[in-house]
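In what follows, a structure is listed as structure tokens, so that the remarks can point back to it.
Taken together, the values in this text are just the output of simple stated rules run on the coordinates, not laboratory data. Keep in mind it's a predicted model, so treat the numbers as computed, not measured. Cβ coordinates were reconstructed from backbone atoms using ideal geometry, including for glycine residues, and neighbour counts include every protein chain displayed.
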Amino acid sequence: MKARLLIVDDSMVIRNLIARQMLDERLPPIDLVGLAGDGEQALAIAMSRKPDFITMDLTMPNMDGEACIERLAEVLPGARIMVVSALSDKTTALRAISKGAHGFLHKPFSEEQLVAALLELMS
Amino acid sequence: MPLLHTLLRGKYRVLVFAVAAFFLVSVGVYTLNYVLLQSVERDAKSINEGGKLRGYSQQLAKAVLTLSHESAAGEPVQTSQAQISEAYQAFDLALAEVQAFAAASQDGPALELADKLDRQWQPLRDAAIAVLASATPDRDAIDSAVTLSNTRNVRLLQLADDLTHEQERLAGDRTRSMRVLQSGAIAVALLMFAFIVVHVARRLSRSDREAGQARRETTDILRTVREGLFLIDRNGTIGTQRSEHLARVFPHPLAPGENFLVTLAALVTPDTMDSARQYIGLLLNERVKPALLADLNPLQRVQLAQPGGSRPKYLSFSFQPVRGDVGTGITGMLVAVADVSQEVRLERELADAEERARSEVALLLDVLDKDPADVRRFIDDARAKLDGLNAALRDVAPDAGAYLTTVTKVFREVHSIKGEAAALAIGAVATQAHRFEDELGALRQRRTLTGNDLIPVATGIGHMLQELAKIDTVISRLAAFAQPAADAGARGSEMPPGEDGVLQSMQRIQRLALAVAADLDKKLRVETSIPHVGEIPEPVHRLLREGLPQLVRNAVVHGIEAAAERRRAGKHEEGRLRIELARSEDGSLELSVTDDGRGIDVHALRRRLTEDGHRPAEQVAAMSDRDVVATLFAPGVSTAATVSEHAGRGMGLDVVGALARETGARLKLASTPRAYTRFTLQWSPA
């Protein structure tokens, strides 16, 4: 069964960058269930498509990543969420993890770092 | 059950088996005792029955004789018959008992004696029964009974005696066996008891030794380890064991039972503390992977609040979850603390050294394309100013007011040096002066200054002198390197200042203006106009060197607007700055700096004066516009919103004002809001 992934980022460039990497042969087969540009969209897609894994930006319009992680932990507790953010301070990462994130990847990232982080998230 | 399981598998196993064996042996001894006592009781009864046989035999003989006499005398014989009946029945019973005992004992002689007894008894028994057949027994039966009684009684007595002796011998044998067995069993029990005592004592002694050894090793580790180590429970309560080094590393005593987080909160910033609580909470959370938190420790390198004046202290904390017995999960944390102040200082020094190395190369490149004479003059002037400041620091009167005046004076001079350095594009000095200004600015903000506050001022002056010395060294080396060319008649570095010098000054100023504009992202065109002005007196040269950079910088920073703002105001997006030096017909020299920027906003200036607290609001309100504008030339007034390397400290025009006074120039200012500002300095002919 394919892993179901949702990508959440307000930058189309980043969304596409992550999506392109899904075909990397080191990763298990992945079914991309949606791309969301903000927290509200992410919640709506997550509720209907029930992804197993989510990559989550933090700074986004409408609903930011932290609030979205908090809501997802309530409505979709089985999903594993990896924060992908340019906010590199420890406080932000700790806060995201305590809200329910399972991984953290700093922007900018290399393809290698993205694949490694996704493998870790899916392990 | 778990307790039994633990006992049977653990170090107490041997002890448990020994106690069980001791118990079994004890039960065995008691059982054996019981059985042997029964046997002894039986023996006693048997001996007793043997004795009874003698009695019954004699009783029978006596009764038979009595019956014989009574019969002969014609007396009634019923009583004797009754006694005979009683005696022979009792003998029968006693003999049956004796036979049973003999059979039970399996003793040959006893069986034989019992058998003999039986054989001797039977004829007598039959004769006795015969005399009982009738109330008046016949004489023959009586005589037969008497005869048998006389002959058999002695024999029976002898056999009964023999049997009794045999039974006593048997009983004696059995008693001895019992004693041996009992003694043996007691010896075994005692041995086992001794084994248990010795084993327990050895076990306890070994445990004590091991515990003592473990305690000593733990103490050695805690005394020797070069980290502060201690344990906290899930709530942050500190445990009883800690390394000795902890007292040297951590600035507060951490008493057992105290809460570590409460103590730490007083030493770090609230933000760091919030992160630390979050981090520790996540470490204690079994669901969060430790790898996820590996790089997120907010206390990995943290500066502690130290009493004023102490060197900053940096500590590194690491936390290792502690798990209790199987199934209890994380019970607390092992905290390791190390003092990394030295490491941090070394890193900073290394970074500074790298920065210095970079700045020295930059310095070399900076001075390579400058006129050595200009650089030399700048160095000499700057040194003279800094030496003067050092002297002022030495002689300052010991009161807060004098300290503030001195700091302000240092600030002004350093600002002036920065301006000149920037004009000459000697970035290293300009940057250092800017940093020094930051420190001086912070001092000026204080209400009361003490003598100690002047120490960093003296240090800062020292650093600037060092920086100047480096440039001096560089240009001396360059000069030595270029000596042959100089000897060949090239322009010397001691050429007196003249119009050429003025032209070069203007070019530098033009470069400075463009550099400042580029830094601030402003578009700028600089025009200079220097018709033939003849000889320039030294005071004017000084103003061109020290004051003009301030005026130009002031115009670019405060006057010229950003391109977008200029477009909105309907102006060309490229600002215009015009610098003119001219001699009028009456021989006076006039230097003017004009920008087509936003002009001077008197209202903003008034507001700033009030907000900065330089003057009471009522006084500011009562001032005329002219007086308000005049404050631009007082120390510490600026209309820039932020401090940058270029402006905003409110010190540039103060320098210009002071220079104007010192060089005898007349300073004029003309401005129209949103149109232009012009500063003019005028020197009357000597």
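Tabulated data for the structure shown
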{"read-out": "HN-Hα J in Hz across region A:106-123 - Karplus 6.51, -1.76, 1.60, θ = phi - 60°, x for Gly and Pro", "value": "8, 8, x, 10, 8, 4, 4, 5, 5, 4, 4, 5, 5, 4, 4, 5, 8, 6"}
{"read-out": "Considering only the protein assembly as shown, percent of DSSP beta bridges that pair antiparallel, nearest 5", "value": "65 percent"}
{"read-out": "Alpha carbon centroid spacing (whole Å) that separates region B:47-117 from region B:601-629", "value": "153 Å"}
{"read-out": "Fraction of antiparallel bridges per DSSP, chain B only, in percent to nearest 5", "value": "90 percent"}
{"read-out": "Averaged over B:293-303, number of beta-carbon atoms from partner chains that fall within 10 Å", "value": "2"}
{"read-out": "GNM result for chain A, Cα springs below 10 Å: residue of A:D38, A:D57, A:D24 fluctuating most strongly", "value": "A:D24"}
{"read-out": "Sorted by Cβ neighbour density within 10 Å, fewest at the top, the residues A:M60, B:M273", "value": "B:M273, A:M60"}
{"read-out": "Neighbour-count ranking [beta-carbon atoms within 10 angstrom, fewest first] of B:E86, B:E561", "value": "B:E86, B:E561"}
{"read-out": "Inter-label distance for B:R174 and B:T147, nm, one decimal - labels placed 7 Å from Cα along Cα-to-Cβ", "value": "4.2 nm"}
{"read-out": "DSSP-loop trypsin sites (Lys or Arg not before Pro) across region B:55-135, with at most 15 other Cβ within 10 angstrom", "value": "none"}
{"read-out": "Ranking of B:L346, A:L76 by count of other Cβ atoms within 10 Å, fewest first", "value": "B:L346, A:L76"}
{"read-out": "Listed pairs B:K370/B:K470; B:K522/B:K571; B:K62/B:K116; A:K90/B:K289; B:K370/B:K522; B:K418/B:K522 exceeding 18 Å between Cα atoms", "value": "B:K62/B:K116; B:K370/B:K522; B:K418/B:K522"}
{"read-out": "Value of [θ]222 nm, deg cm²/dmol, for chain B, DSSP H segments ≥ 4, -39500 (n - 2.57) each, nearest 500", "value": "-21500 deg cm²/dmol"}
{"read-out": "DSSP beta bridges in region B:499-683 [antiparallel fraction, %, rounded to 5]", "value": "80 percent"}
